[in-house]
Amino acid sequence: MSIEQIKKNDIRAFLAQAGITPVKETPTGGMYLSPLRQEDTASFHVDYTKNLWYDHGAGVGGSIIDLVMHMHNIDFLDALCYLEEPGLVRIQ
């Protein structure tokens, strides 16, 4: 699987599989409590149309690969292997 194919893993579905749901949602994006740190006010934004995320409180963002790296404290290659696992929801 190529890196571009791996980046097509749906961030919203990935978060939902982890039990993380949006606090506020529009058709094009959602605001979440950050999965990277403790917070009381949602500052983690997922752009559903671009399939990108940004954590305003931490000042980091990117693709699903970056999210997995930050959430699991793993490097790029380990994140690629993680995302190639069967059972992850992907965009068609």
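The numbers here are math on the coordinates, done by the rules we state, and not lab data. Keep in mind it's a predicted model, so treat the numbers as computed, not measured.
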Next item on the list: Read through the labelled values (i) 10.1; (ii) 6.5; (iii) 5.7 and report the label of the one computed as mean projected area of the Cα convex hull in nm² from the structure.
Entry: (iii)
Check: Using the alpha-carbon centroid of each, what span in Å lies between segment 43-68 and segment 1-23?
Finding: 11 Å
Checklist line | From phi via Karplus (6.51, -1.76, 1.60), per-residue ³J(HN,Hα) for segment 9-17 in Hz, x at Gly/Pro | finding: 4, 6, 4, 4, 5, 4, 5, 4, 4
Item checked: For the chain, calculated [θ]222 nm from helices alone, where every DSSP H run of n ≥ 4 adds -39500 (n - 2.57) -> -7500 deg cm²/dmol
Next item on the list: Pairs of Cα atoms under 8 Å, at least six residues apart: use those to get the relative contact order of the chain, whole percent.
Entry: 28 percent
Checklist line | segment 37-43 - phi-based ³J(HN,Hα) in whole Hz, Karplus 6.51/-1.76/1.60, Gly and Pro as x | finding: 7, 7, 7, 9, 10, 4, 9
